[in-house]
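Okay, structure first, notes after.
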Amino acid sequence: MTDAAQGRLRSVVVGLGSYLPKRIVSNADLEKVLETTDEWIVQRTGIRQRHVAAEDEPTSQLGLHAARAALADAGLTAEDLDLVIVATSTPDFTFPSVATQIQAALGMNHGAAFDVQAVCSGFVYALATADKFLLSGSHRRALVVGAETFSRLVDWSDRSTCVLFGDGAGAVVLESRPGDGTARDRGVLTSHLRSDGRHRDKLYVDGGPSTTKTVGHLRMAGREVFRHAVGMVADVVTEAFEATGTTAAELDWFVPHQANRRIIEASAEKLGIASSKVVVTVDLHGNTSAASIPLALAVARDDGRIKAGDLVMIEAMGGGFTWASALIRW
């Protein structure tokens, strides 16, 4: 039985917030320290600038700002939450989790809080995880945060990777509400998660506590990632349409992970999604990994594009490889 055929609870987005560090690093700034050009970066990636966190601004602080904004948007407080999930690959510490730090900073001493690590797919993974908790009836409201400080993982002497990434955070508050079990329901209608660990060497960090005892730097085989990305994205997006009996034509907005404009455009074309329905923020933010989708959702909601009742597809692909999609009725 498909998701759309079941009478069930739905995880409805009732709050949305975002945060970007104040410091902006433009392509022109990078030209001064790297053998690169604005033209080269824009042509290959679509990126024009990225935000970089201050030295005293760890991932948890970025996530906390976004969390507070999402709670305010929902008209709720930390007392109304019973679950916090943070998607990140750049935690402040090996442990404790970023989620517990945000939980404490919000003044929340009840419920559960934990991190999810699926790199750029992390936000979709975290959203899907929270959705399962809410659908089970064990929890009623969840805060889902995507927060990253990738500027601390990149090798700033490697012009092929350091120009791609930025820092930021986004968050949503989900609330379980009854639905009819159809695609007309508000909330998360379906989610699809995939991974294939055989592709580790195509996108990874060359360090860790159990290997080098260091943080390490991000390493990427860009052409290989591009080659796999479009097909993987199309796979999980198509499954989401099939599970809900919807089509690309019915979609109001396609909000992909903001990694590379060429991947975004190729994915939309393969899926038959009109360019006018695609939300693109990679030019402003760069690749913020797990933060990119909620940041893009916030931009499109705040400028009036995403409205109540709209059908919104989110998707991502990241290191591991991991890839995932979720279809949401706003």
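General remarks:
- Enumeration of residues in region 105-134 that are in contact with a Pro (Cβ under 7 Å, 6 or more places away or on another chain) and more than 13 Å from residue 257 (Cβ to Cβ): 115
- With respect to the conditions (1) open to solvent by 20 Å² or more (accessible area, probe 1.4 Å); (2) within 18 Å of the chain's Cα centre (by Cα); (3) touching a residue at least 24 places away in the same chain (Cβ under 8 Å), residue 239 lacks only one, and its number is (2).
- Only residues that are open to solvent by 10 Å² or more (accessible area, probe 1.4 Å) and part of a loop (DSSP other than H, G, I, E, B) were counted across region 249-268, and they come to 4.
- Residue 59 among the polar types (S, T, N, Q) and open to solvent by less than 10 Å² (accessible area, probe 1.4 Å): yes
- For region 288-306, a residue qualifies if it is open to solvent by less than 10 Å² (accessible area, probe 1.4 Å) and not β-branched (Val, Ile, Thr), and the qualifying residues are 289, 290, 291, 292, 294, 295, 296, 297, 298, 300.
- Pick from region 25-56, criterion in contact (Cβ under 8 Å) with a residue 40 or more places away in the chain and of a type in the set (D, E, K, R), ranking: surrounded by the most Cβ atoms within 10 Å (Cβ to Cβ): 50
- Checking 123, 133 one by one, the residue that is part of a helix (DSSP H, G or I), farther than 26 Å from residue 302 by Cβ, modelled with pLDDT of 95 or more and of a type in the set (Phe, Trp, Tyr) is 133 and no other.
- Some residue of region 248-267 being in contact with a Phe, Trp or Tyr (Cβ under 9 Å, 6 or more places away or on another chain) and without any contact (Cβ under 8 Å) to a residue 12 or more places away in the chain: no
- Close pairs (7 angstrom Cβ cut-off, 6 or more residues apart or separate chains): modelled with pLDDT of 95 or more in region 65-87, in a strand (DSSP E or B) and aromatic (Phe, Trp, Tyr) anywhere: 65/19; 66/19; 69/19; 85/114
- Near pairs, Cβ below 8 angstrom, 6+ apart or cross-chain, from region 142-159 (closer than 23 Å to residue 69 by Cα and in contact (Cβ under 8 Å) with a residue 24 or more places away in the chain) to any residue that is surrounded by fewer than 24 Cβ atoms within 10 Å (Cβ to Cβ) and of a type in the set (D, E, K, R): 142/82; 149/57
- Taken residue by residue, region 309-318 has at least one member that is open to solvent by 10 Å² or more (accessible area, probe 1.4 Å), more than 17 Å from residue 268 (Cβ to Cβ) and in contact (Cβ under 8 Å) with a residue 24 or more places away in the chain.
- Selection within region 269-286 - of a type outside the set (Val, Ile, Thr) and surrounded by fewer than 24 Cβ atoms within 10 Å (Cβ to Cβ): 269, 270, 271, 272, 274, 275, 276, 277, 283, 284
- Restricting region 179-216 to residues that are more than 19 Å from residue 145 (Cβ to Cβ) and of a type in the set (S, T, N, Q), the residue that is surrounded by the most Cβ atoms within 10 Å (Cβ to Cβ): 190
- Matching residues, region 147-178, being open to solvent by 10 Å² or more (accessible area, probe 1.4 Å), modelled with pLDDT of 95 or more, among the hydroxyl-bearing types (Ser, Thr, Tyr) and over 24 Å from residue 329 (Cβ atoms): 151
- Number of the condition not met by residue 207 [criteria: (1) under 30 Å from residue 95 (Cβ atoms); (2) of a type in the set (Gly, Ala, Ser); (3) touching a residue at least 12 places away in the same chain (Cβ under 8 Å)]: (3)
- Of residues in region 217-236 being over 18 Å from residue 193 (Cα atoms) and in contact with a Ser or Thr (Cβ under 7 Å, 6 or more places away or on another chain), the one surrounded by the fewest Cβ atoms within 10 Å (Cβ to Cβ): 222
- Residue in region 116-126 that is without any contact (Cβ under 8 Å) to a residue 40 or more places away in the chain and of a type outside the set (Ser, Thr, Tyr) present: yes
The values are calculated or read from the model by the stated rules, or taken from the named source; none is laboratory data. Quick caveat, the model's predicted, so the values are computed rather than measured. Methodologically, a virtual Cβ is constructed for each residue, glycine included, from the backbone with ideal geometry; neighbour enumeration extends over all protein chains shown. All accessible areas refer to the heavy atoms of the entire protein, side chains included, with ligands and DNA or RNA removed. Shrake-Rupley method; radii C 1.70, N 1.55, O 1.52, S 1.80 Å.
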